[in-house]
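Everything on this sheet refers to the single structure shown next.
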Amino acid sequence: MHFIKSKTFLVIVGLVILLAFQAKVVMPIVYDIAASSFFLEDSGDEVNRTSTSNLMTDTAFTQCNTYIANEALPNQSINFSEKPINAFSLGNFRYVINADIEIQPVDAAPIFKRYVCRIAYKNGDDTTGLSEADNWSVDGISGLDEDNVL
């Protein structure tokens with residue numbers, strides 16, 4: 001019986017030592033690694049939390065409009081705004097565009113919609129194919145249909 005108690009005591013002491021080692025040695029190293037730039041990818045396209053207008057956001061706006069006209073609402077007569085309301089860079093060549101469109105149904109009053117488009121440029125900092133739709137990926141559009149999100 002004395003042997004079982006001492007064995008149990010040693011297991012408990014071992015667990016306490018293991019937990020203390022993890023808390024005092026292992027976890028600070030893990031936190032330092034996670035806080036470092038070791039896992040960051042520097043794409044050259046920084047996050048911009050304020051709406052901006054530059055070559056990339058302007059082209060993203062144009063590509064979102066092209067996608068809406070050709071894929072999302074191909075059988076509708078649509079008038080696009082000249083500029084987006086907001087255009088944000090999410091970094092790593094991903095963008096969020098917010099704009100208004102006017103949809104003109106046949107024999108009805110025009111419908112004004114505000115959409116949000118999430119889009120990514122596939123070629124990184126190579127801007128030679130910026131105007132080609134194949135180099136862009138529309139990740140989602142919302143606001144065009146009240147019942148669902150495209």
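No lab work stands behind these numbers, since they all come straight from the coordinates. Remember, predicted model here, so these are calculated numbers, not experimental data. Backbone-built Cβ (ideal geometry, glycine too); neighbour counts: all protein chains shown.
Taking amide hydrogens as placed 1.01 Å from N in the peptide plane, the amide H of ILE85 sits under 5 Å from those of ASN98, ALA99, ASP100, each at least 5 positions away in sequence or on another chain. Between LYS122, LYS24, LYS83, the residue with the greatest mean-square fluctuation in the GNM of the chain (Cα pairs under 10 Å linked by springs) is LYS24.
Each residue, GLN104 and ASP32, gets one label point 7 Å from its Cα in the Cβ direction; the gap between the two is 6.6 nm. Taking amide H positions as modeled 1.01 Å from N, with prolines and chain starts lacking one, the residues under 5 Å from PHE93 and 5 or more places away or on another chain are ASP45. Two numbers describe the Cα atoms of the stretch 47-142: Rg and Dmax, which are 13.6, 46 Å. Here the 3J(HN,Hα) profile of the stretch 79-93, calculated from phi with Karplus coefficients 6.51, -1.76 and 1.60 at θ = phi - 60°, is 10, 9, 5, 6, 9, x, 5, 9, 9, 10, 9, 8, x, 6, 6 Hz, Gly and Pro shown as x.
Order these by the 10 Å Cβ neighbour count, fewest first: ASP145, ASP125, ASP58, ASP107.
Details: ASP145 13, ASP125 10, ASP58 16, ASP107 4.
Ascending number of Cβ neighbours within 10 Å: ASP107, ASP125, ASP145, ASP58.
Model label points for LEU15 and GLU82, set 7 angstrom from Cα along the Cα-to-Cβ axis, are 7.2 nm apart. The Cα-based radius of gyration and maximum Cα-Cα distance (Dmax) for the stretch 70-113 are 13.3, 44 Å. With a cut-off of 14 Å between beta carbons, the residues surrounding GLN63 carry a summed charge of -2, where Lys and Arg count +1 and Asp and Glu -1.
Here the Karplus relation 6.51 cos²θ - 1.76 cosθ + 1.60, evaluated at θ = phi - 60°, turns the backbone of the stretch 102-117 into coupling constants of 10, 9, 9, x, 5, 6, 8, 5, x, 10, 9, 10, 10, 10, 10, 10 Hz, with x for every Gly and Pro.
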